[in-house]
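So the structure is just underneath, and the comments pick up after that.
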Amino acid sequence: MSKKPDAPDVVEATAPASVKAATTSPASAENFFEVHLAQLQRAMDAAPLEDHVRLILSQPKNEVIVNFPVRMDDGSYELFTGYRIQHNNIKGPYKGGIRYHHEVTLEEVKALAALMTYKCALLNVPFGGAKGGIRLTPSKYSQTELERITRRFTHDLGNNIGPEYDIPAPDVGTNSQTMVWMMDTYMNTHNANDKNAQRGIVTGKTLNSGGSVGREKATGQGVVYCIQEWADEHGFRLDGCTYTLQGFGNVGSHTAQILSRLGAVMVAVEDHTGTLYNPEGIYPRKLVEHVAEHGGVAGYPGAKTITSDEFWEVECDICIPAALELQVTEEVARKLKARVVVEAANGPTTLGGERVMAERGIEVIPDMMANAGGVVVSYFEWIQNKRSESWQLQEVDSRLHFMMKNAYQEMRAFARANDVDNRTAALAVAIQRINVMYVERGVFP
């Protein structure tokens, strides 16, 4: 059997026995895209913007939806829905991840694509914003099934992606292997004469297939660079400080390991399998080994199990949501006992959560700043592919640090000058850059 017996259930539509519709219903009742628009409106009120630019940015340029069948290992077929939303490309090719998750929806992907537009503009990366995804639970499928799903999705996207047009990357539920499958499929279905030039169709690849050193840890590294900037600004000592971490995937695990080297202590961690607490500290590297063996943090012997509600109540200096969107609700924000919330995940905070944290004086380093390290090093990988170069880790980290530090300082300078929160400031800096480009170039025809 190809399905894992302990995998979570999905809601399947009624269909013939040999054809199962791989669909689920989103768990959150809130509309992520509407939350994003409300946050964007605040930034537009804080930054002068042409009316026609407001109109252009209010909706994505392209919404690609594909429905495709895939044969399973047992001979049955499932019908999948895949999305690729291209929000804006005024600054350069569309850029954004592909996620495999059972709660992927059109509205969610639209919001994530828009965030990519502003993230790239804030960091001065010459890319536009896009996002994609397939609604599925990766743990329910074998490796060969995931390969066929990925290759069929890539094939059906066709010319809607390309190394100079739209460049996918890993996201929730996908990894470097997923990107290599996408790259190989694209290279074998397009002009063979340009085959080597097509390695840049995706970023986040394995090193053997054209990836960049430092890409796997890039998002987590960027999160830590932001924490260091915040600490420097506030005269805060990271050595010996405490933090909690929601999510222990690629971003969370690398963030924890890098913070550990700076002397920070992880006192609580949560993922989809469970929640752990140890006031003396949880050693990230040992937890990584446990997760690799057991598939999640549950059962780790170096900490006690607590509830999710108790996780948000743990006293700490820094809280790092590194899982999915809309986690820090108004109720959660009232429980927090942290000085700063660093959004390693995309869109982890609701509007109510933002309001409560502002009232309580809890500073927020927003997602588009905190987790921008991934797209920055994706840009470095794309450059290396175009130039047939291979940079050393020191050069990658140094360039990443420079770009993250500049963007952070620009965000904080706008926030202080205009008396606004960091999220509004980050969005305002980004949309001002986009506004200037539209004013200079005009709108054809």
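List of remarks:
- Filtered residue count, segment 104-123, keeping only those that are assigned to a loop (DSSP other than H, G, I, E, B) and open to solvent by 10 Å² or more (accessible area, probe 1.4 Å): 1
- Segment 124-142, residues that are within 20 Å of Tyr186 (Cβ to Cβ), of a type outside the set (Phe, Trp, Tyr) and outside any strand (DSSP E or B): Gly128
- Condition met for Ala197 (closer than 30 Å to Ser388 by Cβ, surrounded by fewer than 24 Cβ atoms within 10 Å (Cβ to Cβ) and in contact with a helix residue (DSSP H, G or I) (Cβ under 9 Å, 6 or more places away or on another chain)): yes
- Test for Thr350: is it of a type in the set (Ser, Thr, Tyr) and modelled with pLDDT of 95 or more: no
- Condition met for Asp156 (of a type in the set (Asp, Glu) and either open to solvent by less than 30 Å² (accessible area, probe 1.4 Å) or in a loop (DSSP other than H, G, I, E, B) (or both)): no
- Members of segment 368-386 that are at pLDDT 95 or above and among the charged types (D, E, K, R): Glu381
- Residues being part of a helix (DSSP H, G or I) and either open to solvent by less than 20 Å² (accessible area, probe 1.4 Å) or under 14 Å from Gly173 (Cβ atoms) (or both) - total across segment 247-261: 8
- Among the residues listed as Ala298, Ala323, Ala344, the single one being crowded, with 24+ Cβ neighbours inside 10 Å and in a loop (DSSP other than H, G, I, E, B): Ala344
- Within segment 262-292, the set of residues being among the charged types (D, E, K, R), buried (at least 17 other Cβ atoms within 10 Å of the Cβ) and in contact with a Gly (Cβ under 7 Å, 6 or more places away or on another chain) comprises Asp271 only.
- Total residues in segment 372-413, condition within 17 Å of Arg423 (Cα to Cα) and open to solvent by 10 Å² or more (accessible area, probe 1.4 Å): 6
- When restricted to residues that are open to solvent by 10 Å² or more (accessible area, probe 1.4 Å) and either out of contact with any strand residue (DSSP E or B) (no Cβ under 7 Å at 6 or more places or on another chain) or under 20 Å from Thr424 (Cβ atoms) (or both), segment 124-136 contains 2.
- Beta carbons closer than 6 Å, at least 6 apart along the sequence or on distinct chains, pair a first residue in segment 101-112 that is in contact (Cβ under 8 Å) with a residue 24 or more places away in the chain with a second that is of a type in the set (Gly, Ala, Ser) for His101/Gly173; Glu103/Ala27; Val104/Gly133; Val109/Gly133.
The values are calculated or read from the model by the stated rules, or taken from the named source; none is laboratory data. Keep in mind that this is a model prediction, so the values were computed, not measured. As a convention, Cβ positions derive from the backbone with ideal geometry for all residues, glycine included, and neighbour counts pool all protein chains shown. To get the accessible areas, we keep the full protein, side chains included, count just its heavy atoms, and leave off ligands, DNA and RNA. Shrake-Rupley method; radii C 1.70, N 1.55, O 1.52, S 1.80 Å.
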